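Here's the structure we're looking at; comments come further down.
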Amino acid sequence: MSQIDYQHVLDEITKEVQPLLSQGKVADYIPALAEVEPNQFAIAIHTVDGQTYCAGDCGARFTIQSVSKVMTLTLALQRYGDELWQRVGKEPSGTAFNSLTQLEFEQGIPRNPFINAGAIVTCDALYSRLSAPMHSMLESFRQLSGNAQVVIDKKVANSEYEFRHRNAAMGHLMKSFGNFNNEVDDVLWAYFNFCAIELNCVELAKAYNYLANQGKDANGQEVLSARQNKQLNSLLFTSGLYDAAGDFGYRVGMPGKSGVSGTILAVLPNQFTVAVWAPRLNSYGNSVAGIAALERLSQKLDISIF
Ligand code: GLN
């Protein structure tokens, strides 16, 4: 694997996806996201032996949005272990990331930790066990990405909070079923701040490298146990791209997590993490060029988890 010229492959992919950069629409449910220059693209690989490769707009930072849900789950699993699964399920939802309907039928237990309802209830659990949730989350990203200057884009966080009604409805519905312990608005404020953490592709691939490294960070410290890490990657494969997880798995063959800013993080266990960013989304809320780039990567390197 170390013989592979990753840089050459990433450069090639960056050229090949150019025609796709004008396809799809940037997220516009909040004004702060709609303002992004839409035709940008970056892709970065960080290997478990510490090598970084990047092509495209490597320095460009974006809010990581739902890719933060992976860190939320990680921090919650550290604190709760399997007890967490009393609050949130492990099944693919087959519905949109912001769907409310299943909550009503399933007694306020969200299907999985990656749809919004599941991430918000996981945030609620975390909120109960952290004295300063935003600080803890930022510190995790700062340490794991190797950039002590990582910040939260407050404009995006505030805008999300202002237009929070749908996510608030999920929180209140879960509270009505007894599956929510803190004030809904307090937890949402933390959730939106997590979503508004700003990274570039290199930092994102680095920060989540423990997912490819049996749960260990670059210093060999355990972020998750190997067993929890396997479980988290399995859930990413089945639910990381919501109701498009099947298509993503079929095309890319790796666990992945997408965010409405147009970023996707994918994991090749024991080899690398790869982060891609292209703001225009398809109708499922996933990056058009991002998915195409990862599909090409898996084809060109002839890799998958299978
Ligand atoms: N902040 C977004 C929301 O809660 C995250 C959704 C996403 O990235 N899919 O609506």
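At-a-glance table
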{"quantity": "Set of aspartates and glutamates with alpha-carbon distance to residue 230 below 14 Å, sequence-local pairs under 8 removed", "calculated": "82, 222"}
{"quantity": "In sequence order, calculated HN-Hα J values of the range 240-250 (Karplus, 6.51, -1.76, 1.60; Hz; x Gly/Pro)", "calculated": "x, 10, 6, 7, 10, 4, x, 5, 5, x, 5"}
{"quantity": "Residues residue 82 and residue 12, FRET efficiency given R0 of 51 Å [Cβ-Cβ distance, rounded to 0.05]", "calculated": "0.75"}
{"quantity": "Sum of side-chain charges, residue 152 neighbourhood, beta-carbon under 13 Å (Lys, Arg +1; Asp, Glu -1)", "calculated": "0"}
{"quantity": "Cut-off 14 Å between beta-carbons: net charge of the residues surrounding residue 163, Lys and Arg +1, Asp and Glu -1", "calculated": "-1"}
{"quantity": "Distant-in-sequence amide H partners of residue 151 (H built 1.01 Å from N, under 5 Å)", "calculated": "198"}
{"quantity": "Charge context of residue 105, other residues only, Cβ under 15 angstrom, K/R +1, D/E -1", "calculated": "-2"}
{"quantity": "Of 46, 85, 68, farthest towards positive along the dipole that unit charges on Lys, Arg, Asp, Glu beta carbons give the range 1-89", "calculated": "85"}
{"quantity": "Highest-first arrangement of 267-273, 184-190, where packing means the average Cβ count within 10 Å", "calculated": "267-273, 184-190"}
{"quantity": "Karplus (6.51, -1.76, 1.60) ³J(HN,Hα), θ = phi - 60°, over the range 178-186, in Hz, Gly and Pro reported as x", "calculated": "x, 10, 7, 9, 10, 5, 4, 5, 5"}
{"quantity": "Crossing angle, helix 116-129 versus the chain [Cα axis fit, 0-90 degrees, rounded to tens]", "calculated": "70 degrees"}
{"quantity": "Degrees between helix 6-16 axis and first principal axis of the chain (Cα, 0 to 90, nearest 10)", "calculated": "80 degrees"}
{"quantity": "MRE, 222 nm, helices only [DSSP H, n ≥ 4, -39500 (n - 2.57), over the chain, to nearest 500]", "calculated": "-13000 deg cm²/dmol"}
{"quantity": "Label-point separation in nm, residue 4 to residue 98, each point 7 Å along Cα→Cβ", "calculated": "3.6 nm"}
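Every number in this text was worked out from the coordinates using simple rules, so none of it is lab data. Note that the structure is predicted; figures quoted are calculated from it, not measured. All Cβ positions, even for glycine, are placed from backbone atoms using ideal geometry, and neighbour counts span all protein chains on display.
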